[in-house]
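Working notes, structure below.
Taken together, the values in this text are just the output of simple stated rules run on the coordinates, not laboratory data. Since the structure is predicted, the reported quantities are computational estimates derived from the model, not experimental observations. Cβ atoms come from the backbone with ideal geometry, glycine included; neighbour counts cover every protein chain shown.
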């Protein structure tokens with residue numbers, strides 16, 4: 001009985017960790033997309049809000065990732081940080097380009113996720 005409880009608890013922990021990582025990944029993906037859309041529309045303040053949320057979620061997702069997926073998420077996080085730095089300086093066009101680059105890396109990491 002104790003083994004069954006231990007196995008059940010371990011499995012529950014594993015599944016909750018996977019769900020949590022997926023929720024961070026999806027939130028990062030959605031916020032990055034929103035940053036791109038608002039950047040293209042010239043909405044600097046809203047781009048910054050979404051890029052910050054995207055960066056936080058992408059970093060959280062990268063903690064659980066491995067291999068190529070982790071590399072893409074870490075690169076996306078660097079692009080999002082560059083996006084934030086440039087947006088803070090008022091360079092909305094360049095910031096949007098970095099948000100778009102981050103979006104590409106997040107999409108590439110999702111392809112790797114589905115393969116496993």
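The table for this structure:
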quantity	calculated
Length released on extending from residue 74 to residue 94, taking residue separation times 0.36 nm less the Cα-Cα span	5.2 nm
Kirkwood-type radius of segment 55-97, with distances r between different C-alpha atoms, in Å	10.7
Listed peptides 22-32, 94-104, 42-52 by packing density, highest first (mean Cβ within 10 Å)	94-104, 22-32, 42-52
Scattering profile of segment 21-67 at q = 0.25, 0.27, 0.28, 0.32 Å⁻¹ [log10 I(q)/I(0), Debye over alpha-carbon scatterers]	-0.75, -0.83, -0.86, -1.01
